[in-house]
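All remarks here apply to the structure that follows.
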Amino acid sequence: MRIIKAKDYEDLSLKAANIIAAQITLKPQSVLGLATGSTPVGAYAHLVELCKKGELDFSEITSVNLDEYVGLKGDHPQSYRYFMNEHLFNHVNIDVSKTNVPCGTAADVDAECSRYDNLITSLGGIDLQLLGLGLDGHIGFNEPASYFAKGTHRVELDKSTLEANSRFFTSIDEVPKSAVTMGIGSIMQAKKVLLIVSGANKKSILEKTLYGEITPEVPASILQLHPDLTVIEAVD
Ligand code: F6R
């Protein structure tokens, strides 16, 4: 595990963008695993800038996002598909047909989960998976549980996650109660993982993640076993 201490959020964002840009440059046909949430916003902005300057080419990239709320269509402003369009896809030369986000409105959620797993397998797995860290230690929407879920699955969101995400909705009652998320297995099979963590409120869960017991109660703690994990943190 490599731990990079960033000076602040801006520094973290630039460092994360540089690592993702290096991945794209070294392997233009990369499969990128992408995350939403507040943390990657700055990194995405830097990637957009590099692409606009003609220094980065997304034309051969395929992306697979970690998760999506159940019940939200892609054009809902709080859906993760909408987030990705707004923060990245609409502003870079990625082929939108090669961008993938689980479908939150699939009539058969289990079938959608299998489709997503098969898709990741058919792409040959993920080259670089970008992750944020939830206050309860979740990655994707893999919430604390009694076991590590392997594949894509539906999950009921924890109270702390609903509260944290209510900042994007008018009220907590509007936050969808469940989501479809890539499993811990798919995340762990990514060739490289880049975990970005920002904010003093994440300091304690980051410590548990990196140095605590490896337990499904802290889902991100399994990353300690990943052979190519880079952590960029700005939590002091
Ligand atoms: C989002 C995701 C979540 C977030 C996590 C941290 O796609 O997978 O695990 O990374 O909730 O969110 P922020 O960055 O908003 O603190």
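The values are calculated or read from the model by the stated rules, or taken from the named source; none is laboratory data. Predicted model, so just to flag it, every value in this text is computed and none were measured. Cβ placement follows ideal geometry from the backbone for every residue including glycine, while neighbour counts extend to all protein chains displayed. Accessible surface is based on the protein model in full, side chains and every heavy atom, while ligands, DNA and RNA are left aside. Shrake-Rupley method; radii C 1.70, N 1.55, O 1.52, S 1.80 Å.
Using unit Cβ charges (K, R positive; D, E negative) and no other charged atoms, how large, in debye to the nearest 20, is the dipole of the chain about its Cα centre?
On the way: 21 positive and 30 negative charges, 92 e Å.
Around 440 debye, computed over the chain.
Of the candidates Gly140, Gly212, Gly37, which one comes out as most mobile in a Gaussian network treatment of the chain with C-alpha springs shorter than 10 Å?
Gly212
Whole-Hz Karplus ³J(HN,Hα) for region 94-107, in order, using 6.51 cos²θ - 1.76 cosθ + 1.60 and θ = phi - 60°, x for Gly and Pro?
Couplings: 7, 7, 4, 6, 9, 9, 10, 9, x, 8, x, 10, 4, 5 Hz.
Once amide H atoms are built 1.01 Å from N in the peptide plane, which residues 5 or more positions from Leu34, or in another chain, come under 5 Å H to H?
Val64, Asn65, Leu66, Leu130
Tell me, what is the per residue accessible area of the chain in Å², probe radius 1.4 Å?
Numbers: 10400 Å² over 236 residues.
Heavy-atom SASA per residue in the chain reads 44 Å².
P(r) tail for region 59-182, what percent of Cα pairs lie past 25 Å? Spell out each step's value before the answer.
Values: 1659 of 7626 pairs.
Everything past 25 Å amounts to 22 percent.
Can you give the alpha-carbon Rg of region 1-66 over 2.2 N^0.38 Å, where N counts its residues? It would help to have the intermediate numbers written out before the result.
Values: Rg = 11.9 Å, N = 66, 2.2 N^0.38 = 10.8 Å.
This ratio for region 1-66 stands at 1.10.
Evaluate the distance, in nm, between pseudo-label points positioned 7 Å from the Cα of Leu225 and of Gln29 along their respective Cα→Cβ axes.
Label at Leu225, label at Gln29, 3.1 nm between them.
Where does the Debye-calculated log10 I(q)/I(0) of region 171-215 sit at q = 0.14 Å⁻¹, using only Cα point scatterers of equal weight, no solvent?
These q points yield log10 I(q)/I(0) values of -0.59.
What number, in percent, do you get for the relative contact order of region 110-236 if the mean sequence gap of Cα pairs under 8 Å and at least 6 apart is divided by its residue count? Show your work: numbers first, answer last.
On the way: 235 pairs, mean separation 39.9, N = 127.
Once normalised by length, the contact order is 31 percent.
On a 30 Å Cα-Cα criterion, which of the cross-link pairs Lys98/Lys208; Lys52/Lys203; Lys7/Lys52; Lys27/Lys208; Lys7/Lys150; Lys150/Lys203 come out too long?
Lys98/Lys208; Lys52/Lys203; Lys27/Lys208; Lys7/Lys150
For a quick size check, give me the Cα extents of the chain along its three principal axes, largest first, whole Å.
That works out to 44, 41, 36 Å along the principal axes.
Choose one of Ser38, Ile3, Gly71: the residue whose Cα lies farthest towards the positive end of the charge dipole of region 1-80 (beta-carbon charges +1 Lys, Arg; -1 Asp, Glu; about the Cα centre).
Of the listed residues, the answer is Ile3.
Say the dipole of the chain comes from +1 at the beta carbon of Lys and Arg and -1 at that of Asp and Glu; which of Pro28, Phe89, Ile172 then lies farthest toward its positive end?
Pro28
Rounded to a whole number, what % of the accessible area of region 41-191 do carbon and sulfur atoms account for, probe 1.4 Å? Could you put the intermediate results ahead of the total?
Numbers: 3430 of 6640 Å².
Using a 1.4 Å probe with all protein chains present, region 41-191 comes out at 52 percent carbon and sulfur.
Under 4 °C and 1.567 mPa s, how fast does region 1-112 diffuse according to Stokes-Einstein, given a Kirkwood radius computed over C-alpha pairs? Answer in µm²/s, whole number.
On the way: Rh = 14.8 Å.
Estimated via Stokes-Einstein, D reaches 87 µm²/s.
Counting other Cβ atoms within 10 Å, which GluC sites (Glu not before Pro) in region 1-98 have at most 12 and lie in a DSSP loop? Don't skip to the end; give the middle numbers.
Numbers: sites: Glu10, Glu49, Glu55, Glu60, Glu68, Glu86; in loops: Glu55, Glu60.
When the GluC sites (Glu not before Pro) of region 1-98 are filtered for loop state and at most 12 Cβ neighbours within 10 Å, Glu55 remain.
Given the C-alpha atoms of region 141-236, compute the convex hull and give its volume per residue in Å³.
Values: hull volume 10.0 nm³, N = 96.
Each residue corresponds to 104 Å³ of Cα convex hull volume.
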